[in-house]
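Structure, as structure tokens:
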Amino acid sequence: MTALLRADQLTVRYHTRGGSAARAIDGVNLDITAGEIIALVGESGCGKTTLARTLLGLQRPTSGTVLYEGKPLATSVRGLREYRRKAQLVLQDPTGALNPRHTVYEAVAEGLRIHRVPGDERELVTEALSRAGLRPPERFFGMVPHELSGGQRQRVVIAGALALRPSVLIADEPVASLDASVRGEILALLLRLRDELGLAALVVTHDLGLAWNIADRVAVMYLGRIVEIGPVEQVLTAPQHPYTRALLSVLPESGRPAVVLTGETPDPTCVPAGCRFHPRCPLLASGVDDETGRRCRSVDLPVLDGDHRSAVACHAVGG
Amino acid sequence: MGEPLLELRDMTVTYHTGRGPVPAVRGVDLVVDTGQTVGLAGESGCGKSTVALAVLRLLPTTARLGGKVLLNGEDVVAMKWGRLRAVRWASASVVFQGAMHALNPVRPVGEQLAEPILLHGGAGANTVSSRVGDLLEQVGLPARRARAYPHELSGGQRQRVMIAMALACDPQLIIADEPTTALDVMVQAQVLDLVSRLVSELGIGLMMISHDLSVLASTCQRLAVMYAGRIIEQGPARQVLQAPAHPYTKALSAAFPTIGDPESRLAPRGLPGDPPDPSALPPGCPFHPRCPSAFADCVDTDVALRPVDTGRSAACLLEVRP
Amino acid sequence: MSTPSPTAIAWQRRRAAVGRVWQEFLSDRGGLFGLAALSLIVALAVFAPLLSDASGLDPTHATGRPLEAPSGHFLLGTDNLGRSVLLQVWWGARISLLVGVLATLVSVGIGTLVGVAAAHFGGWTSAVLMRFTDFFLVLPSLVLAIALSTVLNRGIFAIVLAVGVTSWPSTARLVRAQTLAVESRPYIERAWALGAGHVHVIIRHVLPAVAALVFANTTLTVANSIIAESTLSFLGLGDPNAASWGEMLNAALGSGAVTYGAWWYLLPPGLAIALVVLAFMLAGRALETVLNPRLRER
């Protein structure tokens, strides 16, 4: 299966105010094939949002390439604009994502107008709103964001993205700011879009339950690298990497003894030497043989392949 | 045991806005005993944060508080201002929602921790600073961090400071409003661990508010679920989570699936519509427009809490057996 | 279609929003007074040719005696050439207002352009533009205005340019701050993600959000421009043929009206300036308070 969207040895580094260099993404390979939903999970500072933005072309990588249908992304404004019709973004906060002065119609039609899409604009907007679950669409044309609920606003954002008929949707925490009872509907919508339109999706989230709900594959990120990747059934029920195991164990209802990691979520400006997880690794702390321990502390792991094989970046486990 | 630490009897809160009275809380009965942990679950607009603020009469002036709020037997609603000030923080304290942003950015955290101590007649500077150091150690932060400014601390650390602040005057009851909502999974686990440890070590009562049922079930002994200003189900936390009686509770617990459960794999479940607007509640059972099991009577019958099992009650017309 | 088109709905909403702003504005007494006073003054200025006789301004047709005190015939007395002071103040309004408005257009135009460009493009563009702005901000505006006036040919155009060029920096800084605030909102990122170019983002999102603030700022800038123009004219740099209020003050002083005790020549133009500036300030401040909560709202 050829990848629709692929990240190839991507790194993104930037300089913070203090002058130190932050390695937001420190080498990532990821393949997204048509019609699959990948969940990108991790905690704050792991680089998942930066990865999402880089895949969309909103952030320029320091090195490595993003390839769409095998070709690297254009760097020119015109070229990137073409790409925008294929890959669209759904942001976390639906309230902030809509201009409070624009009506729902204008918000959904914005993309169509930017790209001067031929056809009857009204029909296209109606179709997009309808696909996103806002029915009857005409009722929503004249409404402004503050007249809608959180779930409805998120549907408008999704409709705006759908209007351009993308093949990939990148959603950054699409349900984090929504009420619990409304989450299910939005997630079901994403699944339906996958089934009806063959839409691929990369869902960035810190919520592993969400991955279980809708994703085919899951990639776990830590400090700028993917540390484990594979099918959801496998990674979430039989996790290999100590970090994934710890994350799953602290979920209430996990049925495992909780492994609560000490220390704070790590800082991309100081990435530890060797395996980047080793200072907090419960496996290392509980004892591995000397040789493995030495490698954990001093030898960095290779960047995992992002394709359909399962992979773990750990000296002690498989790898 | 004696009387309960906190007892809410038919508590009502109505906001008087420009558009007319809005009933945010419509008759809540809740009991928290000393050393007991009670969870209050619900979504936006259900009134749970209002309940939290009402206990210490921290509501805005447009709010009218009705019913009885008994803190150690004393009615907070009827308290005089002086007595209320003495009770605030010393008998019960609150860890507010968005607490991480509630810290003053231009003062070191140690000073902010000292503030309630000094307000309640703490002794000299030495006693206060050692008390501040003790509080920080209790929440897992080194005492020297008292000199740090809020922006120098991480989200999890700030939340710990807020918890330390809530403990400052040795309260008997802590009300934590969404204490872990904005935090990462691991930090959330750390904070919940801390809260559980403190509650059992110090023997204080805890009322925790959240929209995440599983978080509440893992930390609290009893669980009450709110919808449209009323409690629609309550009982022992484990039981409510695993065998919910009310359709809303079922939907709420299904929203956060258990990993490994094949039923929720590729099957996200949610409710149609949105949580109701307190100023425009539907007639009859407020949940009926969204309820998958609603039938004819639900539209016009206002349902009260009815017992469904020992120690459990639910406000639903269905013959529910958990 | 029985339902109106979406564009029609959008315009309906905008009209309704303007209506609400108007209602709130009306509730501010100061703003109401300012607006009423301005309307009256502007009306008088615009219809001056219809309501009065311009020939009274011509020194060769002066009918009164020099520096006559106010009387039934000349309500505000006469100037040193025997012309009616009232007529001059009336016609002076045209010049002062015209120069004030034109200078403001120049100032706000440059300021908005620089402010939006600096905030939107950031990086080197911003650094260069802001240093440029700082330079003009630091220059003593009056001195620059004087220098410009002496270099250019005397006339209204020179004054407009002098005032406009020295007062744009504050607008630029304001607009830049507001643009930065607007561009940090997620909907701007969404616009980029949809494929928008710079033009679309600026025209569809930034300018509408900034426009309200700029409009409120404009009314205050007009007041400043009128004062600046009066100052320059008073110092003798104005156009002696275009009798603005500042020119009148200049002439009054120069002709020895003060020593003569002819208060009726000095006071009216001074009061007129003060009144117009006050009216603009009141209206502008009321507008700002009305528009600001909307800006802060979402």
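Every number here is computed from the coordinates shown, using simple stated rules; none is lab data. Note that the structure is a prediction, hence the values are computed from the model and not measured. Neighbour counts are summed over all protein chains in view; Cβ atoms, including those assigned to glycine, are modelled from backbone coordinates with ideal geometry.
Laid out as a table, the results:
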{"item": "Contact order normalised by residue count of chain B, Cα under 8 Å, 6+ apart, percent", "result": "21"}
{"item": "Helix-derived mean residue ellipticity, 222 nm - over chain B, DSSP H n ≥ 4, -39500 (n - 2.57), to 500", "result": "-8500 deg cm²/dmol"}
{"item": "Length-normalised contact order for chain C - Cα pairs under 8 Å, 6+ apart - percent", "result": "26"}
{"item": "Gaussian network model of chain C, springs between alpha carbon atoms under 10 Å - residue of C:115, C:197, C:100 with greatest fluctuation", "result": "C:197"}
{"item": "Backbone HN-Hα couplings from phi across segment A:252-263 [Karplus 6.51/-1.76/1.60, Hz, Gly and Pro as x]", "result": "x, 6, 7, x, 10, x, 6, 9, 8, 6, 7, x"}
{"item": "Within 10 Å of each Cβ in B:176-186, the average number of Cβ atoms from other chains", "result": "4"}
{"item": "Of the GluC sites (Glu not before Pro) in segment B:220-322, those whose Cβ has at most 16 other Cβ within 10 Å and which sit in DSSP loop", "result": "B:319"}
{"item": "Helix axis angle, A:180-197 relative to chain A longest principal axis, alpha carbon, degrees", "result": "80"}
{"item": "Cα-based helix-to-principal-axis angle, B:155-167 vs chain B, degrees rounded to 10", "result": "80"}
{"item": "Chain B: most fluctuating residue of B:141, B:266, B:153 per GNM, C-alpha cutoff 10 Å", "result": "B:266"}
{"item": "Inter-chain shielding of B:250-261 (mean C-beta neighbours from other protein chains, 10 Å cut-off)", "result": "6"}
{"item": "Inverse of mean 1/r across different Cα pairs in segment C:133-224, Kirkwood, Å", "result": "15.3"}
{"item": "Calculated FRET efficiency for the pair residue C:211/residue C:52, C-beta based, R₀ 30 Å, to 0.05", "result": "0.20"}
{"item": "Whole-Hz ³J(HN,Hα) from phi, Karplus 6.51 cos²θ - 1.76 cosθ + 1.60, for segment C:150-165, glycine and proline x", "result": "6, 6, 7, 5, 4, x, 4, 4, 4, 5, 4, 5, 4, 5, x, 5"}
{"item": "Distance in nm between pseudo-label sites at residue B:152 and residue A:176 (7 Å out along the Cβ direction from Cα)", "result": "2.7"}
{"item": "Dimensions in Å of segment A:95-165 - Rg and Dmax from alpha carbons", "result": "10.7, 31"}
{"item": "Qualifying aspartates and glutamates (Cα of each under 19 Å from Cα of residue B:250; at least 8 residues distant if same chain)", "result": "A:179, A:185, A:253, B:43, B:212, B:233, B:261, B:263, B:274, B:309, B:319"}
{"item": "Nonlocal amide H pairs with residue B:208, under 5 Å, H built at 1.01 Å", "result": "B:38, B:39, B:40, B:176"}
{"item": "Candidates C:130, C:281, C:248, ranked by Gaussian network fluctuation over chain C, Cα under 10 Å, top entry", "result": "C:130"}
{"item": "Square roots of five times the Cα gyration tensor eigenvalues for the protein assembly as shown, Å", "result": "61, 36, 30"}
{"item": "Around residue B:282: net Lys/Arg minus Asp/Glu count, Cβ-Cβ under 11 Å", "result": "-2"}
{"item": "Label-point gap, in nm, between residue C:235 and residue B:267 - each point 7 angstrom along Cα→Cβ", "result": "8.3"}
{"item": "Note, ³J(HN,Hα) from phi for segment B:63-69, Karplus 6.51, -1.76, 1.60, rounded to Hz, x at Gly and Pro", "result": "9, 10, 9, x, x, 10, 10"}
{"item": "Segment A:195-261: equivalent-ellipsoid semi-axes (sqrt of 5 x gyration tensor eigenvalues, Cα, Å)", "result": "22, 14, 10"}
{"item": "Against the rule of thumb 2.2 N^0.38 Å, how large the Cα Rg of chain A comes out", "result": "1.04"}
{"item": "Equivalent ellipsoid semi-axes - Cα gyration tensor, segment C:209-298, angstrom", "result": "36, 13, 7"}
{"item": "Cα centroid separation, segment A:132-170 to segment B:230-282 (Å)", "result": "25"}
{"item": "DSSP bridge pairs, chain B: antiparallel proportion in percent, nearest 5", "result": "60"}
{"item": "Candidate lysines for bridging to residue A:71, where Cα separation is under 24 Å - those fewer than 8 sequence places away on the same chain excluded", "result": "A:48, A:86"}
